[in-house]
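FYI, it's all coordinate maths here, none of it is from the lab. What you are looking at is a predicted structure, and each value in this text was computed from that prediction instead of being measured. Note that we place each Cβ from the backbone using ideal geometry, even for glycine, and neighbour counts take in every protein chain shown.
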Amino acid sequence: MPNLLHTVQFPADLRSRSIVELEQLASEIRDFIVDVVSVNGGHLGASLGVVELTIALHYVFNTPIDKLVWDVGHQAYVHKILTGRKDSFATNRKKDGISGFPKMTESEYDAFGVGHSSTSISAALGMAIGSKLLGSDEIQHVAIIGDASIASGMAFEALNHAGASDANLLVVLNDNAIGIDPSVGALKSYLTQVKEGKNPKVNNMIKSLNFQYVGPIDGHNISDLIHELQRLKAKKGPRFLHVITTKGKGLKQAEENQVVYHAPGKFDKVTGELVRNSEQKLTKYQDVFGLTLLELAQNNPNIFAITPAMPTGSSLKYMMDVFPDRAIDVGIAEQHAVTLAAGIALKGFTVFCTIYSTFLQRAYDQLIHDVALQNIPVVFCIDRAGLVGEDGATHQGVFDIAYLNAIPNMQILSPKDAIELRQALFTLQKKNQNPTAIRYPRGLASVENWKVPFKEIDFEKIELIKKGTKIAVFTTGVILENVLSALEFDENLVAVYHFLKIKPLNQDEILKIAKDFETIITIEEGVVNGGFGSKIAQIISANNSNKQVINLGVPDHFIEHATVSEQMEECGLDIKSLQNLFKNLSNV
């Protein structure tokens, strides 16, 4: 049979095809995704698992009039290929290319922008309610959500509301027993019983929420999917279709190692073997954290660690494998993770709660109400702080300094390198009286030999890195590396100070340093508004209005997907941009 994929540009091109042709198309789409992702990287396993489901959804529903709302969006590559973006798919996650996630400004077929989990049911329900009010109740609204995402509190809130409404909503549960890491919790056990048919009454949970439940059905059988979707399309009210899929379907390595092949980077499309990069001798910041915490936990029985669904990504897996009772994954539940950490800390444990910067945003009330207000000394290990590259606007870890700055009792640490991260963790497990956030970036640490002997460090110290006479640069975090590289031309005009602790700031010491310089430049890998630099500017302007203070950081707009170096350049934080600024101010 001739190639079919080149004849399909939009969903309408599917609807005249036979089941046999659709099955061939599914195979071709899998090959196409593997071809592109093997070279460019991206989210592989999730999209390979929903090829037949995506084809069936676009075959049955009249998209884009009918609305498909994807949860997270890791699994939306097939959707993009079938909705006019096949020819641009090679630009996926690249600067000025298509986004790795559904994005409303990119296509009318992307009904709702996503990147974080558990939003799909709420969004689709809202659209369904709005359509009913507008007299357009015939429009279908479909939320496609995974078994890991549906366990999140927001998804349960939406199910609870939807079941009490008469909204024209279909929830499709893509059940593959894994998110990025294997799913955890009682809901996973429940779904396993449903799939295995051990308890014929077990699906009463969904029915008790007033949904019309159908399933489970084989998510790789296009004929069955189309049949059930057509049947459910003819019904009204809240409906629920339980679909069983295999993450990584069609690529042997991706099926067998679903965690690694969620987003494997570059790999050989024929053998499936990962392509090793030349920087393997360097260690990821996540591993510096995870291995250090394991080392500390081996000597300190009071250490407890929590992650919301990111044991591998955050490298907490090292401790979980050795101390499963003291290091736990609570699933996609950041709010629960934060308050749980507070409760455990009240029993005398030193609790390290490791959460990606962009995901900690979901637990802001818990940070304030449950932790900081009561001054409970939980340590929040903020992973992926700063610019994160190809995941783009939904995942940038650039807001945490600003949103934490507003919270009383909160201490913020931003180490300059892997060694300082290691020593800060050691110091925190020995003495920590306040809620503390310690932030570190995604990617490789520049220090090769970071595993040095432990020693306590002084969080209050403002470290003089480079002496100078005219300009003082106040910086925090690993952006210091760019600053020093940009100043290789300068011998004595520019001084550089590193702040490990950026909240609370030592006002007296800042003013003492500032009085010796004409200009103060603050540099941070975070938003300028409300960030580290803005606090420095407030202190100086309140005491000496004649000083020039220049704040550099992430500007007041969302930074889209690109490489980290391209994003640095966009923000003026790359070495060349910084060097031009320093030279202009130094009159060199």
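For the pair Asn434 and Asn587, label points projected 7 Å from Cα toward Cβ lie 4.1 nm apart.
Using the empirical formula 2.2 N^0.38 Å as the baseline, the Cα radius of gyration of the range 455-588 reaches a ratio of 1.02.
Angle check, please: helix 418-430 long axis (alpha carbons) against the longest principal axis of the chain (alpha carbons), in degrees 0 to 90, nearest 10. It is inclined by approximately 90 degrees. Axis angle, to the nearest 10 degrees, between helix 153-163 and the longest C-alpha principal axis of the chain: 30 degrees. Loop-located chymotrypsin sites (Phe, Trp or Tyr not before Pro) in the range 351-435 (DSSP state not H, G, I, E or B) with no more than 15 neighbouring Cβ atoms inside 10 Å do not occur. For the listed peptides 69-78, 224-233, 496-505, a ranking on the average number of other beta carbons within 10 Å per residue, highest first, reads 69-78, 496-505, 224-233. With the highest mean first, a sort of the peptides 441-454, 335-348, 514-527, 409-422 on other beta-carbon atoms found within 10 angstrom per residue produces 409-422, 514-527, 335-348, 441-454. Charge dipole of the range 390-538 (Cα centre as origin; +1 on each Lys and Arg Cβ, -1 on each Asp and Glu Cβ, all else neutral): 540 debye, rounded to the nearest 20.
Taking a ≥ b ≥ c as the square roots of the Cα gyration tensor eigenvalues, with a/c under 1.5 meaning rounded and otherwise prolate when a/b beats b/c, else oblate, which class fits the range 379-430? Note, shape of the range 379-430 comes out oblate. In summary, the lysines within cross-link reach of Lys236, defined as a Cα separation below 18 angstrom excluding same-chain residues under 8 places away, comprise Lys67, Lys132, Lys207. The modelled label-to-label distance for the pair Gln361/Asn257, using points 7 Å beyond Cα in the direction of Cβ, is 3.2 nm. Extending 7 Å from the Cα toward the beta-carbon at both Phe558 and Asp35 defines two label points whose distance is 3.1 nm.
On full extension, the segment bounded by Glu481 and Thr271 gains 71.8 nm, given 0.36 nm per residue less the C-alpha separation. In a reduced charge model with +1 at each Lys and Arg Cβ and -1 at each Asp and Glu Cβ, the range 277-349 shows a dipole moment near 80 debye about its Cα centre. Taken as Cα centroids, the range 505-526 and the range 69-109 sit 44 Å apart, rounded to the nearest whole angstrom. Of the residues Phe532, Asn543, Leu573, the one whose Cα sits farthest toward the positive end of the charge dipole of the range 529-588, with +1 on the Cβ of Lys and Arg and -1 on the Cβ of Asp and Glu, is Asn543.
Beyond 32 Å in Cα-Cα separation lie the following of the pairs Lys266/Lys451; Lys281/Lys503; Lys281/Lys535: Lys281/Lys503; Lys281/Lys535. Calculate the length of the line joining the C-alpha centroid of the range 444-494 to that of the range 358-399, in whole Å. If we compute the Cα centre of each part, the gap is 25 Å.
Each residue of the range 326-331 is assigned a 3J(HN,Hα), and the resulting list reads 10, 9, 10, 9, 9, x Hz, derived from the Karplus form 6.51 cos²θ - 1.76 cosθ + 1.60 (θ = phi - 60°), x at Gly and Pro. Short to long, the 10 Å bins of the Cα pair-distance histogram for the range 88-149 hold 20, 42, 28, 10, 0 percent of all pairs. With one equal scatterer per alpha carbon and no solvent term, the Debye-computed log10 I(q)/I(0) for the range 523-588 at 0.26 1/Å reads -1.12. What is the sum of charges, Lys and Arg at +1 and Asp and Glu at -1, for the other residues whose Cβ falls under 12 Å from the Cβ of Leu367? Summing Lys/Arg as +1 and Asp/Glu as -1 gives -3. Placing unit charges on each Cβ (+1 for Lys and Arg, -1 for Asp and Glu) gives the chain a dipole about its Cα centre, and among Met319, Leu82, Val554 the Cα reaching farthest toward its positive end belongs to Met319.
Relative to the Cα centre, the charge distribution of the chain, modelled as +1 at Lys and Arg Cβ and -1 at Asp and Glu Cβ, gives a dipole magnitude of about 800 debye.
The long axis of helix 222-233 is offset from the longest Cα principal axis of the chain by roughly 90 degrees.
In terms of its alpha-carbon gyration tensor, the range 317-415 comes out oblate; a/c meets the 1.5 threshold, while b/c is at least as large as a/b.
Summarised in one figure, the compactness ratio Rg/Rh of the range 1-133, Cα atoms and Kirkwood Rh, is 0.96.
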